[in-house]
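The values are calculated or read from the model by the stated rules, or taken from the named source; none is laboratory data. Please read these numbers as outputs of a predicted model, since none were measured by experiment. Ideal geometry is used to build each Cβ from the backbone, glycine not excepted, and the neighbour counts take in all protein chains shown. The protein model used for the area step is the full one, side chains on, heavy atoms only, and it has no ligands, DNA or RNA in it. Shrake-Rupley method; radii C 1.70, N 1.55, O 1.52, S 1.80 Å.
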Amino acid sequence: MSGRVLLAVAVALVLAAVALTRVLENQYYYFATYVILQYVVLATAWNILGGYTGYVNFGSAAFFATGAYTAAVLIKAVAAPFPVLLVAGGLVAGLLGLGIGYLTLRLRGVFFAIATLALAVVLQTLVVNWGYVGGSRGIYTLRPARVPFFDNYVEFLFVVMVVLALGALATARWIERSWIGRGLVAIRDNEEAAECMGVPTLRLKLVATTVSGALMGVAGAPFPYYLTYMEPTSAFNLDYAINSLAMPMIGGTTTWVGPLVGAVLLGAAQQVATVTISSALNLLIVGLVVVAFVILAPEGIVGLFRRWRARARA
Amino acid sequence: MFSLDLLTDAVVAGILLGGFYAAVSLGITLAFGLLDIVNIAHPAFVILGAYGAYVGNSRLGLDPIVAGLLGMPVFFLLGMVVYRVYYASFEKRGDESLRGLVFFFGIIFIIEVSLLLQYGVDYRSVDAAYLGATLELGPITLPFRLAIPFAVALGLTLLLHLFLSRTFWGRAVKAVSQDHLALRLMGASPVRVKALAFAIAIATASVAGALLIMIGPIEPSVGREYIGRVFAIAVLGGMGSIGGTLAASLILGVLESLTSTFYGPSWALAVSFGILLVVLAVRPAGLFGR
Amino acid sequence: MTAPVLLDVRSVTKRFGGFQALGGVSLQVFAGERFGLIGPNGSGKTTLINCVSGALRNDEGAIWFEGRDITRLPAHRRTRLGIARSFQIPRPFGSMTVLENLCVPAEYATRGGAHGADAAAEAMEILRLIGLDGKARAVAGGLTQIEMRKLELARAMAVKPKLLISDESMAGLSSAEVDEILAILFALHERGIAVIMIEHIMRAVMRFSQRIVVLDAGERIAEGGPEEILHNAAVEKAYLGE
Amino acid sequence: MVRDVEAGYGAVRVLHGVSMEVNEGETVALLGTNGNGKSTLLKCIMGIVRPDAGEIVLEEDGRRTSLVGRSPEEIVGLGIALVPEGRRLFPKLTVEENLLLGAYRREARAEIAGNLRFCLDAFPVLGERRRQLAGSLSGGEQQMLALARAVMSSPRILLVDEPSVGLAPILVSRVIAKIRELKESHHLTVLMAEQNFNQATKIADRGYIIVHGQIEFEGHSTRELAEHELVKKYYLGV
C-alpha cells in the first residue's frame, strides 16, 4: 500500500470514529475501544525501540504513568488545556527515556532492560510519596464540563485516541522506512558492523528511547480524564508493561503492522475475557501466550503469515 | 528525632536484612553473573518458594525453614526444566538476549498470577514459636524474626561459596561463561554445567522464599520489589562474586534500613534503584568486581 | 611516491592485559596505493586495523588521516571521513536484503548522504560492479560464503571510501574465487581508492601489492616491494622462525 | 590416524582430502603458514569441527575408535588434549583454578595431586603466580599455563596449536623446549601445528607441510624437511 492510500484510510477512520459518536449510545464500547487503542500506541511505541533496535523495555508502565501524572499535575496546577497535556506528557516521558538511555545504553543491552524494570518500581515509590498528587490515595480530576462537537467527554477521548493511535502508527511507519529505521535495524543485526558503516549507534539508540518514551507518555496523558480518579497502582499497572511488549511479540516485531495486529487481537481478547472471565485469569493467559510465542513463533503472526504466503507461492 | 539508639537499631536491622537479601540474590549472582542468563524471574521464584513454605507451614505444620529445605529438590528439578527449555529455545539459536528476556518476563506473570488465582491478594504469613522472640545483647535487640533468616542466609552463602571454590563442578560453573569451547576441551559439557548451576540457583529460591515469609507477610506481587534489589546487588557485587554479593547485600540492607528509619519506609525501595543507576553509570564492573 | 600521505600511523601501541599486541608500529599509506600488510598469526595485523578503523582505541601513539588526527574519533566518524573496512568473518545485516545492506552506508557514511531512491540507485550500481546485482532482493542472512565476502566489499564500497581495508577477504576460498575477489579489489583501485590488503594467500598479496609492510610479534620488521619482501631475510625468519 | 578428511565452515571448504598419521611416541609437526588449514585439522580431530567426509581413527592396543561424530568432551575422555589456538585460558579464574579445571576428566582427578606438583615444578613461574588471575599473565606465561592445563588432564596424546603465536623469539624457543620436556616426562604422543618452521623442526621427529588444505609435502625426517628452498616454495605458496 502506498503512503497516500494509507493516509486516506487514516482520514476515513477518524471521520468514521466521529460519525460513530453520533450513532452509538452505549458508553461501554467507547471505554473498551479506548483501552485497545491505547495499547496500539503503547505497543507501537515499544516496538520502535524493542523491535527495530533490539533493546527491551520492561518499564512501559513507568513512561505511561509519567505522561499521566504530568497531565494530572498540569490540570491541578494551571488547568492546562488538553493539547498542552499531550505535548507535556510526551516531552517529560521522552526526557525520561533519554536519561535512562544515556545512563545505560553504552553498556550491554540487558542493563537497559534491568534499569527500566527497576525504574517502574521506583517512580511508583516517588509518586506514592508525593503529597501533591495525592500519594497512594490517588488524585481526582474533573473533566471539563463540555467539549465542542461532542455531547460526551468519553466520546471525545475516544476520538483523541483514534488520532493518537494513527499518529503512532504513522511515526513508526515513517521511522521504519527512513534512513533512521534502517540504522536502527542495522544496530539490531550487528552493532559493530553498523558503527563501521558510519551509523552513529549511540545517538540513534537515544533517538529511539526518546521517541518510544515520548509516545508512551502521550498515550498516558489523557489517562486522568479517562479515569477521573487515578492512583499509583492503576497508572503503574503491570498490564501496561506486559502488554506493550507482548503485543508486538505476538503480532511481529519487524514491521509497524505487527504491534497493530497484536494489540487489536490481544486487546480485544482481553476485553472479552475481562467481561466473561476474571481479569487475573486473563493476565495469566497473556503470560502463557507470550511464552508460547517467543518459543514457538518468534517472528509473530506477521512472520507466520509471510512464511505461509511464501510457501503458498512456491 | 535522631538518636544514637535509633541509629544502632537501624544499622543492626539493616545488617540482618542485608543478610537476607544475600539469600535472595545468590540465585541472580549464579544465573546472571556466572551463566549470563538474565533470569529476571528469580524474585518470582522466591515468591513461589515463600508460598511453598506457607503451604508446608499452614497445612503440614512444618517449620518454615524445614519446608524451604524440603522444597529445594523440587525447585532444583524445576530449574533444570526451565534451563532446558531456555537452552533449546533461545541459547542454542543464539537468540537469548531479546526473546530470552521476554520469556522470563512471561514466567514472572505466570507465577504471579497463578499464585493470585490460588491464594488471592491477601497477605499470608507463617507461624513458628520462636518468631516473636528477641535476643537481647547488651544495648542491641535482635528479633528472631530477622536473626534466624540472617543466620540461614549466611549458611547458604557459605555453602555456595564452598561449592564454587572447592568442587570440580563449581570451578566449571565459574568458567562456563568465560569460554565455552575451552571448557569442552577440559572434558566438561557446558550445557550440563549450566543446567546444574541454574538448577542450584532456582533451588536457593526455595530457602530464600521461606526466609522472606518469616520476615513478614507477603502477597504474590511482592516479588517485583525485589527485581531492582537483586540486580542492584548483583551488579554492585561485581557480577558473579559470592563474597561481593554478600558485601553488597549488607550495604544495601543498611542503607535501606537507615532510609526507612529516618525518611519513612515508603522511600526504602528507591534506594536500590538509585544505587543500581549510579553503579551502572559510574562503575559498571561493580564495587567488588575482580 | 608523489601521492600525498593518506593514512599515517605513528608509533601505535596496544596492550591486552599483560599482552602487548602492538609495540609502537608506524606506517604510511599513500593516496590511491595498493598496500599489502602481512605477517604470521598473532603478529598484530587485525589489532592494527581495529585501531585504524576505530573498533579499538590504541594505548599510545597517534593515527592521522588526510592530515588530521583521528586518534580519538569514534568508528562512525572515521567511516565518514573515508575509511572503510570489511570484516574477516562477514557481518552482514542479516535481516535486510542485499540492497538494503548497501543503503545503510550510502545513507550514513557520506556527508549529507543520499536518501531513499538515490541511495538505492547508488547501491545498485555498486552491486553491478561487484556482480551481486542478481541478488539485490535476497535476504543477506541466506547468502553463500563467497556472496557474503562480496557483500562485505560492496558494503565497504558504499561508504565511498578513500581507503579500503580488506581483512582476509579471501581466506578459505577456492583459487577461482580468490581471483574474483582480486579482480574486485583491482577494480576498486582503478576508481582511485587506496586499498590495504591483509591476506595470508601470498600469491594474491604479491600480485596485488605495490608495497608491503611485514609485522611480526607486534613490530614492523620489513617494508618494500613484493620482490624485495620475498628475498628479505627478516621476513623469511619471521615466517620460518629462527 | 587421519584419512581423506574434508572439512570446512559452512560453504567454505578448508581441508581437501587430508591424510596423515601419527604413531605412538612420536612428535609430528604440522607445518604451514596461517590460513592453510592446520587449526581446522586439529579441530576436526578434537570434534570441534565435524568433517564432511573422511575418517579419523584412534588406534590403541589394537582397538580402533572412530573419533568422527564424537563430542569434544568424549574425545578428551579418550586421553587426547588440545592446547588451542589463542590459548583460551579462563582469564577471570586464578592460575590454580585453571590448572584444576584441566583435571576435570575423571581419569585425571585421581592423579591430580601428582600432576599439579609436576606442573608447578616444571613451570616455576606458575607456582609463583598461583593466586593471580590468568588474564593478568604475560603472553609467554599464558602459553605455559595453557600447556600445563592440558597436561593436567593426563593425556596420552597432546595436540598443540601454534604455541609460538604472538611470542617474542626467546619465548618461542622456551615454549618449544617445554613441549619436548613434557613429552619425554609423560611419554606423550605430540602433534604440533606450527608456522615457525625452524623452531618446530627442532623437536619434531618428522612433519607434514599443509598448503591450501592439502598435504603438499611429507618429510620423513627433520632433515628432509629442512631442504630449505623447497620448503620455502611450499611454505610461502609462491
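Tabulated data for the structure shown
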{"item": "Residue match in the range A:174-195 (condition: touching a Lys or Arg at 6+ places or on another chain (Cβ under 9 Å), open to solvent by 30 Å² or more (accessible area, probe 1.4 Å), more than 30 Å from C:PRO92 (Cα to Cα) and in a helix (DSSP H, G or I))", "result": "no"}
{"item": "Hits in the range D:116-163 (condition: out of contact with any Leu (no Cβ under 7 Å at 6 or more places or on another chain) and among the acidic types (Asp, Glu))", "result": "D:ASP121, D:GLU128, D:GLU141, D:GLU162"}
{"item": "Any strands (runs of 3 or more DSSP E) falling wholly within the range D:50-145 and containing at least 3 residues that are at pLDDT below 90", "result": "D:53-60, D:63-66"}
{"item": "Residue satisfying condition, being under 24 Å from B:PHE109 (Cβ atoms), more than 10 Å from every other protein chain (Cβ to nearest Cβ) and modelled with pLDDT of 90 or more, within set B:THR204, B:THR245", "result": "B:THR204"}
{"item": "Counted residues, the range B:62-121 - those being open to solvent by 50 Å² or more (accessible area, probe 1.4 Å), in contact with a Gly (Cβ under 8 Å, 6 or more places away or on another chain) and modelled with pLDDT under 90", "result": "1"}
{"item": "Neighbours by Cβ (under 7 Å, 6+ apart or cross-chain): first from the range B:160-183, more than 7 Å from chain D (Cβ to nearest Cβ); second assigned to a loop (DSSP other than H, G, I, E, B) and at pLDDT 90 or above", "result": "B:VAL176/B:LEU35; B:SER177/B:LEU35"}
{"item": "Test: residue in the range C:91-111 that is surrounded by 18 or more Cβ atoms within 10 Å (Cβ to Cβ), in contact (Cβ under 8 Å) with a residue 60 or more places away in the chain, closer than 20 Å to C:VAL195 by Cβ and within 11 Å of chain A (Cβ to nearest Cβ)", "result": "yes"}
{"item": "Any hit, the range C:77-86, residues being part of a strand (DSSP E or B), at the interface with chain A (Cβ under 7 Å from one of its Cβ atoms) and either of a type outside the set (Val, Ile, Thr) or surrounded by 16 or more Cβ atoms within 10 Å (Cβ to Cβ) (or both)", "result": "yes"}
{"item": "Tally, over the range C:22-41, of residues that are assigned to a loop (DSSP other than H, G, I, E, B) and closer than 24 Å to A:ALA193 by Cβ", "result": "1"}
{"item": "Index of the failed condition, D:GLN143 passing every other in (1) open to solvent by 10 Å² or more (accessible area, probe 1.4 Å); (2) of a type in the set (S, T, N, Q); (3) out of contact with any His (no Cβ under 9 Å at 6 or more places or on another chain)", "result": "(1)"}
{"item": "Hits in the range D:189-217 - residues which are more than 30 Å from C:LEU22 (Cα to Cα), in contact with a Gly (Cβ under 8 Å, 6 or more places away or on another chain) and modelled with pLDDT of 85 or more", "result": "D:THR189, D:ARG206, D:GLY207, D:TYR208"}
{"item": "Check on D:PRO72, at the interface with chain B (Cβ under 7 Å from one of its Cβ atoms) and under 16 Å from the mean Cα position of the chain (by Cα)", "result": "yes"}
{"item": "Options A:LEU284, A:LEU265: the member that is away from every other protein chain (no Cβ under 14 Å), open to solvent by 10 Å² or more (accessible area, probe 1.4 Å) and without any contact (Cβ under 8 Å) to a residue 40 or more places away in the chain", "result": "A:LEU265"}
{"item": "Within the range D:63-97, considering residues that are under 26 Å from D:ALA53 (Cβ atoms) and polar (S, T, N, Q), the one surrounded by the fewest Cβ atoms within 10 Å (Cβ to Cβ)", "result": "D:SER66"}
{"item": "Test result for B:VAL102, over 18 Å from B:ALA201 (Cα atoms), more than 8 Å from chain A (Cβ to nearest Cβ) and more than 19 Å from the chain's Cα centre (by Cα)", "result": "no"}
{"item": "Within the range C:42-58, tally of residues that are under 13 Å from C:ARG78 (Cβ atoms), small (Gly, Ala, Ser) and part of a loop (DSSP other than H, G, I, E, B)", "result": "2"}
{"item": "The range C:210-223, residues that are away from chain D (no Cβ under 13 Å) and either of a type in the set (D, E, K, R) or over 19 Å from C:SER11 (Cα atoms) (or both)", "result": "C:GLN210, C:ARG211, C:ARG220, C:GLU223"}
{"item": "In the range C:175-220, the residues that are β-branched (Val, Ile, Thr), closer than 18 Å to C:ILE38 by Cβ and outside any helix (DSSP H, G or I)", "result": "C:VAL195, C:ILE196, C:ILE198, C:ILE201, C:ILE212, C:VAL213, C:VAL214"}
{"item": "Residue in the range B:248-287 that is modelled with the highest pLDDT, counting only those that are surrounded by fewer than 20 Cβ atoms within 10 Å (Cβ to Cβ) and not in a helix (DSSP H, G or I)", "result": "B:TYR263"}
{"item": "Helices (runs of 4 or more DSSP H) lying entirely in the range B:119-210 (those with 1 or more residues that are in contact with a Leu (Cβ under 6 Å, 6 or more places away or on another chain) and farther than 30 Å from D:LEU147 by Cα)", "result": "B:144-166"}
{"item": "Filter result for A:LEU103 (surrounded by fewer than 21 Cβ atoms within 10 Å (Cβ to Cβ), without any contact (Cβ under 8 Å) to a residue 60 or more places away in the chain and assigned to a helix (DSSP H, G or I))", "result": "yes"}
{"item": "Index of the failed condition, A:VAL133 passing every other in (1) open to solvent by 60 Å² or more (accessible area, probe 1.4 Å); (2) closer than 18 Å to A:MET230 by Cβ", "result": "(1)"}
{"item": "Among (1) in the same structural domain as D:GLY135 (by TED's automatic domain parsing); (2) touching a Lys or Arg at 6+ places or on another chain (Cβ under 9 Å), the one test that D:ILE56 misses", "result": "(1)"}
{"item": "Conditions (1) at the interface with another protein chain (Cβ under 9 Å from one of its Cβ atoms); (2) touching a residue at least 60 places away in the same chain (Cβ under 8 Å); (3) over 14 Å from the mean Cα position of the chain (by Cα); number of the one not met by B:ILE227", "result": "(3)"}
{"item": "Among the residues listed as A:ARG177, A:ARG182, the single one being modelled with pLDDT under 90, more than 19 Å from A:ILE100 (Cβ to Cβ) and of a type in the set (D, E, K, R)", "result": "A:ARG177"}
{"item": "Yes/no for C:ILE198 being buried (at least 17 other Cβ atoms within 10 Å of the Cβ) and within 14 Å of chain D (Cβ to nearest Cβ)", "result": "yes"}
{"item": "Qualifying positions in the range A:290-309 - farther than 18 Å from B:ALA88 by Cα and either buried (at least 17 other Cβ atoms within 10 Å of the Cβ) or within 11 Å of another protein chain (Cβ to nearest Cβ) (or both)", "result": "A:GLY300, A:ILE301, A:VAL302, A:GLY303"}
{"item": "Residue that is over 22 Å from C:LYS45 (Cβ atoms), assigned to a loop (DSSP other than H, G, I, E, B) and either facing another protein chain (nearest Cβ under 9 Å) or open to solvent by less than 30 Å² (accessible area, probe 1.4 Å) (or both), where the choices are D:PRO155, D:PRO163", "result": "D:PRO155"}
